[in-house]
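Trainee: Supplied in C-alpha cells, the structure appears directly below.
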Amino acid sequence: MAGERDGRAVHRIQVAAPAGVVYAVLADAANLPLYFAPSVHVEQLDADGGCERLRMWFLVGGRLESWTSWRTLDPVERRIEIRPEAPGSPLESMRGVVSIRDRGPHASELELRYGFADGPAAGHLWPGRVADLNIRTQLTQLKRFAEHWSRLDDLVLNCEDSVRVQGPAEAAYDFLYRAGDWPAHVAHISAAQVSEQAPGIQHLTLRTPAGDGVHTSESVRICFPHAGRIVHKQTTPAPLLAAHTGEWSLTEDEHGATLTSRQTVVLCEEDIPALLGEGSDLADARRQVHAALTRDCRELLTLAKQHAESSVRMLVPPSRPVC
C-alpha cells in the first residue's frame, strides 16, 4: 500500500476452519455484529458486482460512531479491500486489506493489513482508535465464531413475530421508542434506564427477574423514526447467548400497519451444562431460548399494538345519546 504512514499495522491469526468459510463469514457484512462485539449494525447502501457501500455503526470507547465504507470483494483470491468514505475527515485516508489463505483442509490464516495514506489523519486520535477497534480481540472473536463452522446452523437462531395494528404506526413506534417507560407496562421488566448520546442513539439498561435474582442487560439502539425502525444489539447478552441483535419495524398499508420483530442470537454452547444441567444439549438450549425470546417479544408487540389502538379510541368522540 504505497504512500502509507509508518503507523501501518499487520495482524495475522490462525483459524481452525476452511479458508472459504472464514471468507464467507467476513463477506456477509449484515451479520458482522454477531461476532464482532463493537459492531452494532451494518446496512448495505449500494452494491455493484464485487463492490459494496456500507453504513456501519461501531462502539468506540463506549460511544457509537458511524461511517460509510466501500468494500471490494474477491471470492477467488479470498481478499477484501476496505476504504472508508469520509470526505474531508481523517478517515478518508484509511485503507485496509483482509486476505484469507489455505493452511490445510480445515485450517486457514487470516491476515489484516491497514494504515493511513498521507493525509489529514496525522496527529488525529479517534481515527486511530477506529482503525484498531481492539483488532486483536475482534480477530479472536472471529476465530471463535468461524471455528464452529460445522455447527453454525445450530448455533445461530432466528426469531420473527408480527402483529397487525389497527391504529397509527407512529403511536406503536412511540411505545417502542420510550423504553424508559416499559416497567410501568411490561410484566417481565422491573427497571429501565435510557440515555441518548445523540437524538435516536440510545443506550438502554433493563433489569428483569431471573430465577432468584435479577438479570441486567445493556443494549445500544439506533432509531429511524421516519422509516419506522429501531435496530438494537445487546452489549451484555443474556445467559446462554454469545450475541443478540434485532430490529423492530413498522410497515404501513391502507388498512393499518404490521409491526414486526426480528431477532438473531448466537448460542453459547459451552455454557449449556452449567445453565441447563448435565445432559442438556444444543437442541434443549434452542427450545428454551426460542421460547423466552418469543414470549417476551410477543408481550411487547401486544402492548405496542394496544397503545396504538387505544390512542385511536381516545381521539374518537363518544356518540351522542338519541333523545
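The values are calculated or read from the model by the stated rules, or taken from the named source; none is laboratory data. Bear in mind the structure is a predicted one, so any value in this text is a computation, not a measurement. Positions of Cβ are generated from backbone atoms using ideal geometry, with glycine treated the same way; all protein chains shown enter the neighbour counts.
Trainee: Would you confirm, using the coordinates I've provided, whether Ala227 is more than 15 Å from Phe175 (Cα to Cα) and in contact with a Phe, Trp or Tyr (Cβ under 7 Å, 6 or more places away or on another chain)? Even if it seems obvious, please write down each step before you answer.
Mentor: On the way: more than 15 Å from Phe175 (Cα to Cα): yes; in contact with a Phe, Trp or Tyr (Cβ under 7 Å, 6 or more places away or on another chain): no.
In short, no.
Trainee: Looking only at residues that are among the basic types (Lys, Arg) and closer than 23 Å to Asp281 by Cα in region 144-173, which one is farthest from the chain's Cα centre (by Cα)?
Mentor: Arg151
Trainee: A further question on this structure: Filter region 135-165 down to the residues that are modelled with pLDDT of 95 or more and of a type in the set (S, T, N, Q), then identify the one that is surrounded by the fewest Cβ atoms within 10 Å (Cβ to Cβ).
Mentor: Taking the candidates together, the pick is Asn158.
Trainee: Do any strands (runs of 3 or more DSSP E) entirely within region 1-72 hold 1 or more residues that are in contact with a helix residue (DSSP H, G or I) (Cβ under 8 Å, 6 or more places away or on another chain) and closer than 26 Å to Glu218 by Cβ, and if so, which?
Mentor: 39-48, 51-60
Trainee: Would you mind telling me which numbered condition in (1) surrounded by 14 or more Cβ atoms within 10 Å (Cβ to Cβ); (2) more than 15 Å from Leu34 (Cβ to Cβ); (3) of a type in the set (A, V, I, L, M, F, W, C) Val231 fails?
Mentor: (2)
Trainee: Restricting attention to region 10-29, and to residues there that are of a type outside the set (A, V, I, L, M) and closer than 15 Å to Thr137 by Cα, which single residue is surrounded by the fewest Cβ atoms within 10 Å (Cβ to Cβ)?
Mentor: So the first thing to find is which residues in region 10-29 are of a type outside the set (A, V, I, L, M), and the list is 11-12, 14, 18, 20, 23, 28.
Add one more test, that the residue is closer than 15 Å to Thr137 by Cα, and what stays is 11-12, 14.
Working: His11: 15, Arg12: 12, Gln14: 10.
Checked region 10-29; the qualifying residue surrounded by the fewest Cβ atoms within 10 Å (Cβ to Cβ) is Gln14.
Trainee: Mind checking which residues of region 189-202 are at negative phi and either small (Gly, Ala, Ser) or free of Cβ contacts under 8 Å to residues at least 60 places away in the same chain (or both)? Show your work before the answer.
Mentor: Of all residues in region 189-202, those at negative phi come to 189-199, 201-202.
Passing the criteria: Ile189, Ser190, Ala191, Ala192, Gln193, Val194, Ser195, Glu196, Ala198, Pro199, Gln202.
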